[in-house]
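For reference, the structure discussed in these notes is given below.
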Amino acid sequence: MEKKTKEMIKTAVMLNYRDVALREDLSLNSQTSCCNNLTSISESLGYSSEEYENVPEGANMGIGCGNPQAIASLKKGEVVLDLGSGAGFDCFLAAKSVGETGKVIGIDMTIEMVLKARNNAKKGAYVNTEFKLGEIEQLPIPDATVDVIISNCVINLSPQKEKVFKEAYRVLKPGGRLAISDIVATAEFPEELKNDISMICGCMTGASSLKKLKFLIYKAGFTDVKITSNSKSRDFIKDWRPESGIENFIVSATIEAFKKK
């Protein structure tokens, strides 16, 4: 992939999610985002009604493909980093788990999302959250300062996934862990889908295969890499772009890994 193409993808993704952040009526969701009905989508992704109801209004934008909280096993006092934090939904859930002695940092490349998350944190009086503008390929986080990295349907959007995992390894403390929900490819994409930029922005054809993801994560230095596909996710993925048959090429998966102690 040429550098120009990577820049084009990054710009397209940023503009897409800027529009999502600014959109007032989420029920008018465009084809290039990952959700429609927030309640039904949240439940299908593995969130409880209590989770999506007890966050500030506007935090749950329904943009995701799973629930990283389910595998994060967060503990009081831990420092959590959310890659691509959006309006802050997963950060606010994590903030409750780590408590006042812990901290949750959200990173997003879109200033509109960061501002929205900060406003939501203020509305919900979350004193243990912080939202920063930055790219997941170049994290504005010091070395070895994070206990857990979470992310929800974001890494597939990056055309430089190797950098993402290297940065994740850098900022994690020894013994730190990844707890990620993302999209993985199960078959080779047809050219017409692969070359459709809206399919990349929509969390679809930017996905890597399970084999390639494992290679990149191990290469970054992680151990005990575990990627678990969820075949049932095709039930909601087919609604992302019904005419494309995209559910035949991708599934949602959880990604777990550890940094050596």
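The values are calculated or read from the model by the stated rules, or taken from the named source; none is laboratory data. Just so it is clear, the structure is predicted and the values come from calculations on it, not from any experiment. Methodologically, a virtual Cβ is constructed for each residue, glycine included, from the backbone with ideal geometry; neighbour enumeration extends over all protein chains shown.
For region 178-187, the criterion of a residue being over 25 Å from C91 (Cβ atoms), crowded, with 17+ Cβ neighbours inside 10 Å and out of contact with any strand residue (DSSP E or B) (no Cβ under 9 Å at 6 or more places or on another chain) is satisfied by no position. Within region 203-232, how many residues are surrounded by 19 or more Cβ atoms within 10 Å (Cβ to Cβ) and either more than 16 Å from N156 (Cα to Cα) or among the charged types (D, E, K, R) (or both)? The total comes to 2. Pairs meeting the criteria (first residue in region 52-80 and closer than 19 Å to V148 by Cα and assigned to a helix (DSSP H, G or I), second residue modelled with pLDDT of 90 or more and hydrophobic (A, V, I, L, M, F, W, C), beta carbons under 6 Å, at least 6 apart or on different chains) are Q69/L93; I71/A179; A72/V148; A72/I150; A72/A179. Number of residues in region 106-136 that are out of contact with any strand residue (DSSP E or B) (no Cβ under 6 Å at 6 or more places or on another chain), within 20 Å of C201 (Cα to Cα), surrounded by fewer than 22 Cβ atoms within 10 Å (Cβ to Cβ) and among the hydrophobic types (A, V, I, L, M, F, W, C) equals 1.
The helices (runs of 4 or more DSSP H) found wholly in region 171-221 and carrying at least 3 residues that are at pLDDT 95 or above, of a type in the set (K, R) and under 20 Å from C65 (Cβ atoms) occupy 210-219. Would you point out the residue of region 180-238, among those that are among the polar types (S, T, N, Q) and within 16 Å of Q160 (Cα to Cα), that is farthest from the chain's Cα centre (by Cα)? So, considering only residues that are among the polar types (S, T, N, Q) and within 16 Å of Q160 (Cα to Cα), the one farthest from the chain's Cα centre (by Cα) is S209.
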